[in-house]
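Data first, discussion second: the structure below is written as structure tokens.
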């Protein structure tokens, strides 16, 4: 199939493009200069000129959670308005759309994994703009698929485990929040699931796609650094101080619990992602 990947140079987009190519699909991944999704004319133009696309996967997003509290316009344009423009153009051009969203559409007050039917209730600007993006996509294109994911990390770009490993290598004192729980998601595994959704011609609606391991930021940091240390044979202890959220204030409030159920994906016969311990071994082997 012919697939347009928006945000193809980002942490997730790079792996999505690679997965598509490895399975024999034809990929077009324009740069942000070639396709600005915050400009409806730019979006309409590229889809008008490329009517042969079968699918579009939107990996573009404003992801600076704390900066979003003050950069409201930028976050809104990229996370809410842009996806709406893309959904409208895809609908008019007969192109099927997958839009990637986030666990931050939930308030974190749950005690069991959120399902696709759980009520979204964002608690920060980032989460609100992503929820607005979901609503814009659903309003403009009833055939769209929305895939919520969480705690993304991968070989490309900046992410939490890379930051933790770098700080540990620099022998910095590490204090990490231990009372926020979520599901780390490896970009290579999410890319595989997104392409699976295309190949099974998934029906429209919302899906949750995240790693199967629910953990805390503290435990995630410990496991990531330990995997890196063991892979490289470094003889040093992994020393991290767990702290409550109250002792590590940030501009944006974050969900205390955002684990998500992926049972809906299972009904399509899509294989679950690998456990965190397994993907961390792959991850540390791919980074410098």
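Bear in mind that the values in this text are calculations on the coordinates, not laboratory data. As the structure is a computational prediction, the values presented were derived from the model and not from experiment. We place every Cβ from the backbone using ideal geometry, glycine too, and count neighbours over all the protein chains shown.
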- Given the convex hull of the Cα atoms of the chain, what is a quarter of its surface area in nm²? 14.4
- All-pairs alpha carbon distance profile, the stretch 118-208, 10 Å steps from 0, percent: 12, 33, 35, 15, 5, 0
- Task: Compute the label zone of residue 31 within the stretch 1-24: residues whose backbone N is under 20 Å from the point 7 Å along Cα-to-Cβ.
- Result: 4-18
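For the stretch 130-288, count the residues as N, evaluate 2.2 N^0.38 Å, and divide the Cα radius of gyration by that value, please. Could the numbers behind the result be given before it?
Working: Rg = 17.3 Å, N = 159, 2.2 N^0.38 = 15.1 Å.
For the stretch 130-288, the normalised Cα radius of gyration comes out at 1.15.
Report, to two decimal places, the Cα Rg of the stretch 1-130 normalised by 2.2 N^0.38 Å (N = number of residues). Numbers along the way, then the final one.
Numbers: Rg = 15.5 Å, N = 130, 2.2 N^0.38 = 14.0 Å.
Computed over Cα atoms of the stretch 1-130, the ratio equals 1.11.
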- So how far apart, in nm, are the two label points at residue 267 and residue 170 if each is 7 Å from Cα heading toward Cβ? 4.7
- Message: Just to confirm the number: angle between the C-alpha axis of helix 40-49 and the first principal axis of the chain, 0 to 90 degrees, nearest 10?
- Response: 70
- Message: I'd like the FRET efficiency for residue 39 and residue 282, computed as 1/(1 + (r/R0)^6) with the beta carbon distance as r and R0 of 25 Å, rounded to 0.05.
- Response: 0.10
- Note on the structure: For residue 118 and residue 66, extending 7 Å from Cα along the Cα-Cβ vector and measuring point to point gives, in nm, a value of 2.5
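Work out, step by step, the length gained on full extension between residue 245 and residue 73: first 0.36 nm times the residue separation, then minus their alpha carbon distance; give nm to one decimal.
Result for the pair: 59.2 nm of gain on full extension.
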- Task: Specify whether the C-alpha gyration tensor of the stretch 228-288 places it in the rounded, prolate or oblate class, a ≥ b ≥ c being the square roots of the eigenvalues: rounded for a/c under 1.5, otherwise prolate if a/b is larger than b/c and oblate if not.
- Result: oblate
- Message: Output the 0 to 90 degree angle, nearest 10, between the alpha-carbon long axis of helix 276-286 and the longest principal axis computed from the alpha carbons of the chain.
- Response: 80
- Message: Quick check: the distance between the Cα centres of the stretch 161-181 and the stretch 46-88, to the nearest angstrom?
- Response: 30
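What's the ranking of 22-33, 143-154 by average number of surrounding C-beta atoms within 10 Å, highest first?
Working: 22-33: 13.8, 143-154: 22.8.
The peptides rank, most packed first, as 143-154, 22-33.
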- Query: Among the DSSP beta bridges whose two residues both lie in the chain, what percent are antiparallel, rounded to the nearest 5?
  - Reply: 5
- Query: In nanometres, what is the gap between the two model label sites at residue 54 and residue 199, each 7 Å from Cα along Cα-to-Cβ?
  - Reply: 1.1
- Nearest 10, in degrees from 0 to 90: the angle of helix 11-22 to the longest Cα principal axis of the chain is 60
